[in-house]
1. Whole-Hz ³J(HN,Hα) for each residue in region 104-112, computed from phi via Karplus 6.51 cos²θ - 1.76 cosθ + 1.60 with θ = phi - 60°, x for glycine and proline: what do you get?
2. Sorted by average packing, counted as other Cβ atoms within 10 angstrom per residue and highest first, what order do 346-354, 85-93 take?
3. How do 161-169, 49-57 rank on mean C-beta neighbours within 10 Å, highest first?
4. Give, as ranges by residue number, the residues of region 169-204 whose backbone N falls under 20 Å from the point 7 Å along Cα→Cβ of E93.
5. Pop the C-beta distance of H162 and E208 into the FRET formula with R0 = 45 Å and round what comes out to the nearest 0.05.
6. Which percent, to the nearest 5, of DSSP beta bridges fully inside region 74-233 are antiparallel?
7. Give me, ordered by chain and number, the residues 5 or more places off T123 or on other chains with an amide H under 5 Å from its own placed amide H.
8. Antiparallel as a % of all DSSP beta bridges within region 30-145, to the nearest 5?
Amino acid sequence: MPARKRTKYIKIDPQVPELHKIRLAARILQRGGVVAFPTETVYGLGANALDPHAVRRIFWAKGRPQDNPLIVHVANLKMVQALTACLPSRALELIRRFWPGPLTLVLPKSGLVPPEVTAGLDTVALRMPAHPVALALIKAARRPIAAPSANLSGKPSPTTGHHVLRDLRGKIEAVVDGGPAWVGLESTVLDLTSPVPVILRPGGITREQLQEVLGEVSLDPGTGENRGGAPPKSPGMKYIHYAPEGEVYLVEGDLFAMTSRIRELVALFKRQGRRVAVLATAETAPQYTRDPRPDYLEVLGSRQDLSQVAAHLFAALRNCDRHGMEVILAETFPEEGIGLAIMNRLRKASGNRIIRP
Ligand code: AMP
Ligand code: MG
């Protein structure tokens, strides 16, 4: 086990990253170090994808199970060609349309990719991030960068540099802090190795957007409620994930049923002496500002624009922990567009504690 180290904190301009700071972080990566950096989705924990020793240190720092493969981040098509055994035309089409951006493609891997990155699979997951800092860093390092989310395994993903420090200070060489990640949920993982492309993890690029390009796109059963269904095909989807310390309950129903039920539950849990938080929206928040009042209220954003909800979800879960919440009652969302990814993360955070009308 590597010794504890002083984690460098590098504050950087997210739009016009200072070159000397990028070079400093790139040098750490080239020497086999592990560096957290911002992407548009969440913060990534990066290491040289071609260096098995560096990659192993990512698993160690996160406490990540060895059988959960990493996404490799690239800055140009040349890297994609080097890392894949073949590049089907539909992959090129998706790359043209959605990269840089929150779409990860699972493709047959080349011999260049060490088994540590792919957990022994013969496929590799690739993505080009749409964040000036991430792109500058990969280019300056002149290597593809393996990077899972920069949180302790099982915890909500980090959307700020401070989230990363709270989880990983002392275990990694540096955090490059470029302010909050704007998408707030991880990339969509799309498996292109089967005849019909399969969404292994819903994310920033929606199923509807992919269907526009590909026609048919299926959804791995593991991404849904997974009530005794097939095991997820993406190894990472089977683990407890995104979970805060408090118990998360999802409350379903139309807005009236949902808010009434949450108010009843607030009263019930408070009678039990437990500290209760509610994750609400701009439209419903007024319902929770009169008795029975939760101990903590997070307004995720407007139901008219679910991208706001996506951007604030992980920070909200972490805030509940910071405020010592024992129970977290979350509203639910229609599973369309980015709503599919939001509900996927909420279900995992709740361990499937779902309250139906
Ligand atoms: P993270 O980077 O922590 O957001 O997790 C990456 C996600 O991509 C996990 O759910 C992995 O299981 C998934 N993934 C990475 N590589 C592959 C692959 N070759 N095949 C299927 N899923 C993958
Ligand atoms: Mg993760």
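Every number in this text was worked out from the coordinates using simple rules, so none of it is lab data. Predicted model only: the values in this text are computed from it and were never measured. Here the Cβ is made from the backbone with ideal geometry for all residues, glycine too, and neighbour counts use every protein chain on show.
1. Karplus values, whole Hz, x for Gly and Pro: 9, 10, 9, 9, x, 8, 8, x, 6.
2. Ranking the peptides 346-354, 85-93 by packing returns 346-354, 85-93.
3. Ranking, from highest mean packing down: 161-169, 49-57.
4. Hits in region 169-204 for E93 at 20 Å: 188-200.
5. Using R0 = 45 Å, I get an efficiency of 0.85.
6. Beta bridges within region 74-233, antiparallel portion: roughly 55 percent.
7. K109
8. In region 30-145, DSSP labels about 75 percent of beta bridges as antiparallel.
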